[in-house]
Amino acid sequence: MRANFRTLRQRAGPDCEIAGVVKADAYGMGSRRVAAALADAGCGTFFVATPDEGAVVRSVVPDAPIHVLTGGADLPADSDLIPVLNHPGETECRQATAVRADRTLTAAVHVDTGMNRLGYEPADWRAFCAEPDLRSGLDIGIVMSHLAVAELPDHPLNAAQLARFEAARKLAPFVARASLANSSGIWLPAAFRFDLARAGAALFGINPTPAHPNPMGAVARLVGRVLQVRSVDRGEGVGYGHAWVSPNARRIATVSAGYADGYPRHLGNTGRVAIGGHVAPVVGRISMDLVTVDVSGVPDHVARPGTLAELLGDLVPVDDVAARGGTIGYEILARLGSRVPRLYVD
């Protein structure tokens, strides 16, 4: 993960800071350990989704700015978290807190440029910039927006969002810094990077350039153990509903992982598992605690009880697992179950 941070920093160049997005428990990796490691690697700014997440990160990163993307408008004045304000109502809430505290409070502001999800709408943003009373009591450190299709570099919306953000930025000379790029945005032309880029998925090994080889290193490895290996004859079914029926004599390994651990149920009959360097297909439905794998092509001395089976890792990359499960790598990582022990290799 530290290497991925360095790769992103090199790509962004010296004039663009890379901030670490560690929301959703750092994409399921454990926000305390991840934030501490990123800070050690030189990451000086963080983003989280909620105030509760921010408090966890603050416990290991005592000094860095931590921005709360949602739900932070009513943070108390003495909070050491920075809210991102998404509409005038949130700004008014923050201003009211500043009045009660009788001091200026720090905030960031999100401007919508085409995602149509969160952020100031154009008319409200123009008023915010033109009328000082609408921002009184606030020190706006960052104006930001979010790219909707950055992973598709030729999509015309990228250029449209860039133009809209540049126009929005010009209206706010009172804001010191600007941020538009997410992980994939860092790989767009330099004009998208501005002062700060918010790196999330790429830090955790998800490919920010899906049309090209992944420039990031794998971070997560999910393993279970082979619990049992059995032989099944032609015509025998495996698992609930007998959703897979053996076409001939096969060997089936049962692995200790399931959808309760975050391994998607949609990977039944489509997933792949690596055992001893051999990639074998998932057969049958994914159970709550178990996965069944056709290990007929794996040597008997490898596929045996006690052997580790890799459900996510170098031979089964997160983006491939996601594609087979009809989802994205973000969801695969973020849904890894709480009962899965996290072992950190430093």
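Among what's in segment 102-125 and is among the hydrophobic types (A, V, I, L, M, F, W, C) and within 26 Å of the chain's Cα centre (by Cα), pick the residue that is farthest from A159 (Cα to Cα).
Checked segment 102-125; the qualifying residue farthest from A159 (Cα to Cα) is A107.
Would you mention how many residues in segment 134-165 are more than 19 Å from the chain's Cα centre (by Cα) and either free of Cβ contacts under 8 Å to residues at least 12 places away in the same chain or not assigned by TED's automatic domain parsing to the domain that holds N116 (or both)?
Result for segment 134-165: 5.
Quickly run through segment 14-45 and pick out the residues that are part of a loop (DSSP other than H, G, I, E, B) and under 26 Å from V340 (Cα atoms).
Listed by number, the residues that qualify are V22, G28, M29, G30.
Are any of the residues in segment 324-332 within 25 Å of V232 (Cβ to Cβ) and hydrophobic (A, V, I, L, M, F, W, C)?
No, segment 324-332 contains no residue that is within 25 Å of V232 (Cβ to Cβ) and hydrophobic (A, V, I, L, M, F, W, C).
Please tell me if V219 is over 26 Å from L336 (Cα atoms) and surrounded by fewer than 23 Cβ atoms within 10 Å (Cβ to Cβ).
no
Go through the residues of segment 60-74 one by one and say whether even a single one is aliphatic (A, V, I, L, M), closer than 25 Å to R221 by Cβ and out of contact with any strand residue (DSSP E or B) (no Cβ under 9 Å at 6 or more places or on another chain).
Among the residues of segment 60-74, at least one is aliphatic (A, V, I, L, M), closer than 25 Å to R221 by Cβ and out of contact with any strand residue (DSSP E or B) (no Cβ under 9 Å at 6 or more places or on another chain), which makes the answer yes.
Kindly provide the set of residues from segment 21-46 that are hydrophobic (A, V, I, L, M, F, W, C) and either touching a helix residue (DSSP H, G or I) at 6+ places or on another chain (Cβ under 7 Å) or farther than 16 Å from R9 by Cβ (or both), ordered by number.
Result: V22, A24, A26, M29, V34, A35, A36, A37, L38, A41, C43, F46.
Just checking, does segment 59-79 include any residue being part of a helix (DSSP H, G or I), over 21 Å from C16 (Cα atoms) and not basic (K, R)?
No, segment 59-79 has no match at all.
Mind listing whichever residues of segment 278-312 are touching a Leu at 6+ places or on another chain (Cβ under 7 Å) and part of a loop (DSSP other than H, G, I, E, B)?
Answer for segment 278-312, where residues must be touching a Leu at 6+ places or on another chain (Cβ under 7 Å) and part of a loop (DSSP other than H, G, I, E, B): I286, P305.
Go through segment 1-13 residue by residue and tally those that are of a type outside the set (D, E, K, R) and under 22 Å from L343 (Cα atoms).
Of the residues in segment 1-13, 4 are of a type outside the set (D, E, K, R) and under 22 Å from L343 (Cα atoms).
Can you confirm whether segment 69-80 contains a residue that is crowded, with 21+ Cβ neighbours inside 10 Å and farther than 24 Å from E121 by Cβ?
Looking through segment 69-80, none of the residues is crowded, with 21+ Cβ neighbours inside 10 Å and farther than 24 Å from E121 by Cβ.
Which of the residues spanning segment 183-216 are buried (at least 20 other Cβ atoms within 10 Å of the Cβ) and either modelled with pLDDT under 95 or among the β-branched types (V, I, T) (or both)?
Correct list: I186, I206.
Considering (1) in contact with a strand residue (DSSP E or B) (Cβ under 6 Å, 6 or more places away or on another chain); (2) farther than 30 Å from P305 by Cβ, say which one V226 fails and leave the rest.
(2)
The values are calculated or read from the model by the stated rules, or taken from the named source; none is laboratory data. Being a predicted model, the structure only gives us computed values, none of them experimental. Cβ coordinates were reconstructed from backbone atoms using ideal geometry, including for glycine residues, and neighbour counts include every protein chain displayed.
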